[in-house]
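Worksheet: the structure to be examined is printed underneath.
The values are calculated or read from the model by the stated rules, or taken from the named source; none is laboratory data. This is a predicted model, so every value here is computed, not measured. Note that we place each Cβ from the backbone using ideal geometry, even for glycine, and neighbour counts take in every protein chain shown.
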Amino acid sequence: MSHIRSISYQLTLGFGFQTRVPTDGLGIIKCGGRLKPDTKARDLFSHAQFGDNNYPVQADCEWLLVSERGLRVELSFPTFEVEEEADCGYDYMELFDGHDTSAMRLGRYCGSGPPEEIISTGDAILIHFHTDDTISKKGFHIRYKSVKYQDILHTK
Ligand SMILES: [Ca+2]
């Protein structure tokens, strides 16, 4: 007697007749990483082929940016094009004001994205990028760097 393992997928039909398939354990694209901001701005891209191809579907990426102790993390967004949806429920970028997703969420962004610069309260920012199984856009280009508390006071 052979054992056939059946895996059932929950299908949810949303507006636009998109079929959404949970991707637990299947098709998840590993990406992200730990980055150390410097006082000179560096670049972070949503995916390796940024500029040539749209971002991949079914991606879940986390980048943890940790500055030296006593410094904050500053982000700016020269390019941000992520599939738009009213609640950013399909594709989105989330920012957390700390080392992990239990930290305060600064926001969830899609469409044309965050309006301006973002500066952490502490020494870290976590960036989470999620994409669903259909429709991709250009993606994002983030500039990140370390800033001193005093620098922030002077620019406000
Ligand atoms: Ca999508």
Note to self: Please verify whether C88 is touching a strand residue (DSSP E or B) at 6+ places or on another chain (Cβ under 7 Å), outside any loop (DSSP other than H, G, I, E, B) and within 16 Å of the ligand (Cβ to nearest atom), treating the condition exactly as stated.
What the structure shows: no
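One line per residue, one yes/no per condition, for (1) buried (at least 20 other Cβ atoms within 10 Å of the Cβ); (2) free of Cβ contacts under 8 Å to residues at least 12 places away in the same chain:
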{"site": "L65", "(1), (2)": "yes, no"}
{"site": "E84", "(1), (2)": "no, no"}
{"site": "R105", "(1), (2)": "no, yes"}
{"site": "I119", "(1), (2)": "no, no"}
{"site": "D132", "(1), (2)": "yes, no"}
{"site": "F140", "(1), (2)": "yes, no"}
Notebook entry, point to check: When you scan region 106-117, how many residues do you find that are within 16 Å of the ligand (Cβ to nearest atom) and not hydrophobic (A, V, I, L, M, F, W, C)?
Noted result: 5
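If I filter region 63-75 for residues that are modelled with pLDDT of 95 or more, within 13 Å of the chain's Cα centre (by Cα), more than 20 Å from G98 (Cβ to Cβ) and not basic (K, R), do I get at least one hit?
Of the residues in region 63-75, the ones modelled with pLDDT of 95 or more are 63-68, 71-75.
The next check asks that each one be within 13 Å of the chain's Cα centre (by Cα); those that pass are 63-65, 75.
Restricting the remaining residues to those that are more than 20 Å from G98 (Cβ to Cβ) gives none.
Within region 63-75 (the criterion being modelled with pLDDT of 95 or more, within 13 Å of the chain's Cα centre (by Cα), more than 20 Å from G98 (Cβ to Cβ) and not basic (K, R)), the answer is no, since none of the residues qualifies.
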Note to self: For the structure I just gave you, tell me whether A103 is in a loop (DSSP other than H, G, I, E, B) and within 16 Å of the ligand (Cβ to nearest atom).
What the structure shows: no
